[in-house]
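Data first, discussion second: the structure below is written as structure tokens.
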């Protein structure tokens, strides 16, 4: 009978824990349905040599990052110095998906802030972005040697994110 | 009486400046060439969540991505795709999250059954507590003595309260 007295308290504690966990989740981080699936195909003109095209299948056999960026994207400036630093260290090839951008603005932006990309491709109408489920630039995908998407990071890549999530994964995928 | 006349032209100007068009949204919707198609697009995009502003449907949202996705919906329906095709296209890219009515499956079981389970728990708790209250009201019948006293008290007749002040 005494136990019954504690029932409301127990219910409150359970509810508080559930709601507390819920508060800690980030509703903006929509789980990507691509994890563990082949990277969606694309064949797009390169930003610097529009007469050349780059396809997702050209990148088989290596671990690479697909970084979705745009010159109009303010948060891209936040992560950009880190990307430039990574490319200087030759850590992992970074391919840029220049999302819904004017190529002239994009080229000017790279001139100004540095170009960390092995190659950037222009997705002017954003169709490839939609194929990759992009909804908040910048986004970064880790794609393995077999062309399978292993991880997606939404928002700027910070040094913490790089050290904690991306770098260990890249190392593991390289094997 | 001078102030009203002084402000009259200003008032008229303000009234003229107000025009119904001022309240219209800046970007006009793409002109509907086919009202039937447009109705399907709108109905379908009301079922899909805008990823940028998550509490709005694609139909309501004016975010760039929402407009792009709505155009996708329109294109695919125009090309003869079914509503199921469009929904598959969206969920392949953005997951079940884009659906305002998520499918019934293992991971969404709690979402679907949760309200019903809570209702049943609440209903049971209420039923039990109401049952207890009624039982408490079952007071034992009055003893003959008490009954008599009660009748005396309730009997009509002058009481102190009826006495004039």
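The values are calculated or read from the model by the stated rules, or taken from the named source; none is laboratory data. Keep in mind that this is a model prediction, so the values were computed, not measured. Virtual Cβ from ideal backbone geometry, glycine too; neighbours counted across all protein chains shown.
Quick grid of which residues meet (1) surrounded by fewer than 15 Cβ atoms within 10 Å (Cβ to Cβ); (2) out of contact with any strand residue (DSSP E or B) (no Cβ under 6 Å at 6 or more places or on another chain); (3) at pLDDT below 90:
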| site | (1), (2), (3) |
| --- | --- |
| A:18 | yes, yes, no |
| A:22 | yes, yes, yes |
| A:31 | yes, yes, yes |
| A:41 | yes, yes, no |
| A:48 | no, yes, no |
| A:69 | no, no, no |
| A:74 | yes, yes, no |
| A:85 | yes, yes, no |
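The C-beta contact set for the range B:37-54 (first residue on the phi > 0 side of the Ramachandran plot and within 12 Å of chain A (Cβ to nearest Cβ), second residue in a strand (DSSP E or B) and surrounded by fewer than 17 Cβ atoms within 10 Å (Cβ to Cβ), distance under 7 angstrom, 6+ apart or interchain) is empty. Taking the criterion of being more than 10 Å from chain B (Cβ to nearest Cβ) and either in a helix (DSSP H, G or I) or under 14 Å from residue A:149 (Cβ atoms) (or both), the residues of the range A:17-34 that qualify are A:17, A:18, A:19, A:20, A:21, A:22, A:23, A:24. Inspection of the range A:123-141 finds no residue satisfying the criterion of being without any contact (Cβ under 8 Å) to a residue 60 or more places away in the chain, more than 14 Å from the chain's Cα centre (by Cα) and away from every other protein chain (no Cβ under 14 Å). So residue A:119 ticks every box in (1) in contact with a strand residue (DSSP E or B) (Cβ under 8 Å, 6 or more places away or on another chain); (2) at pLDDT 90 or above; (3) within 17 Å of residue A:73 (Cα to Cα) but one. Which box is left unticked? Among (1) in contact with a strand residue (DSSP E or B) (Cβ under 8 Å, 6 or more places away or on another chain); (2) at pLDDT 90 or above; (3) within 17 Å of residue A:73 (Cα to Cα), residue A:119 violates only (3). Only residues that are out of contact with any helix residue (DSSP H, G or I) (no Cβ under 7 Å at 6 or more places or on another chain) and within 27 Å of residue A:101 (Cβ to Cβ) were counted across the range B:80-94, and they come to 2. Return yes when residue A:174 is out of contact with any strand residue (DSSP E or B) (no Cβ under 6 Å at 6 or more places or on another chain), more than 14 Å from chain B (Cβ to nearest Cβ), closer than 21 Å to residue A:30 by Cβ and surrounded by fewer than 22 Cβ atoms within 10 Å (Cβ to Cβ) and no when it is not. Here the answer is no, as residue A:174 does not meet what is asked. Of the residues that sit in the range B:95-112 and are within 15 Å of residue B:58 (Cα to Cα) and in contact with a helix residue (DSSP H, G or I) (Cβ under 9 Å, 6 or more places away or on another chain), which one is farthest from the other protein chains (Cβ to nearest Cβ)? Among them, the one singled out is B:99.
Report those helices (runs of 4 or more DSSP H) wholly inside the range B:49-143 carrying at least 2 residues which are under 27 Å from the mean Cα position of the chain (by Cα) and farther than 30 Å from residue A:7 by Cα.
Working: elements: B:64-78, B:83-94, B:109-137.
Here the list reads B:64-78, B:83-94.
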